[in-house]
Amino acid sequence: IVAEIEKKITEAFEVFDRESNKTVDVREIGCIIRSLGCFPNEAEVQELLEKIEVEEPRGFVHLEKFLPVMTKVLLDRRFWPIPEDVILHAFEALDENKCGYITKEDLVKHLTEE
């Protein structure tokens, strides 16, 4: 099971590894963690970053430093997913016309303007 978790983490990390050099910008770590189904708040993300050696001054995180910390987080089930009712409530707030869907244009508008 650890090998499967490490593979999942590595794949998520590689999505954000723009230069394919096993490093990501430290600002991407929250997105990577959330893409793995964990939803920590920003303070919890910072707490995790304190456990990961960040390469200064450029602010990069190496996969080899991220992998063991994130593996433990997933094994311990430290951060639970957002409950469905919360997601549904957020969707309903964006679905102003109450039609059961959100257009791409409306979603872009909400994410960039509001």
Problem - Selection within segment 46-60 - open to solvent by less than 80 Å² (accessible area, probe 1.4 Å) and not small (Gly, Ala, Ser) - result: Leu48, Leu49, Ile52, Val54, Glu55, Phe60
Practice task
For Val61, work out the one condition from (1) closer than 17 Å to Val15 by Cα; (2) in contact (Cβ under 8 Å) with a residue 40 or more places away in the chain it doesn't fulfil.
Solution key: (2)
Practice task
Could you list all residues from segment 61-114 that are of a type in the set (Ser, Thr, Tyr), open to solvent by 70 Å² or more (accessible area, probe 1.4 Å) and part of a helix (DSSP H, G or I)?
Solution key: Thr112
Completion exercise
Checked against (1) under 28 Å from Lys109 (Cβ atoms); (2) charged (D, E, K, R); (3) at pLDDT 90 or above, Asp95 satisfies every condition except (3)
Handout entry: Residue list for segment 7-38, filter: open to solvent by 80 Å² or more (accessible area, probe 1.4 Å) and either under 15 Å from Val69 (Cα atoms) or not in a helix (DSSP H, G or I) (or both)
Key = Lys7, Lys8, Arg18, Glu19, Ser20, Lys22
Exercise for the section: Please work out which one of (1) modelled with pLDDT of 90 or more; (2) in a loop (DSSP other than H, G, I, E, B) is the condition Pro57 fails and give its number. Expected result: (1)
Exercise for the section: Determine if segment 35-45 includes at least one residue that is in the same structural domain as Thr10 (by the TED database), over 21 Å from Val2 (Cβ atoms) and touching a residue at least 40 places away in the same chain (Cβ under 8 Å). Expected result: yes
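The values are calculated or read from the model by the stated rules, or taken from the named source; none is laboratory data. Keep in mind that this is a model prediction, so the values were computed, not measured. In this analysis, Cβ positions are derived from the backbone assuming ideal geometry, glycine residues included, and neighbour counts consider all displayed protein chains. Heads up: the accessible areas ignore ligands, DNA and RNA and are worked out on the full protein's heavy atoms, side chains in. Shrake-Rupley method; radii C 1.70, N 1.55, O 1.52, S 1.80 Å.
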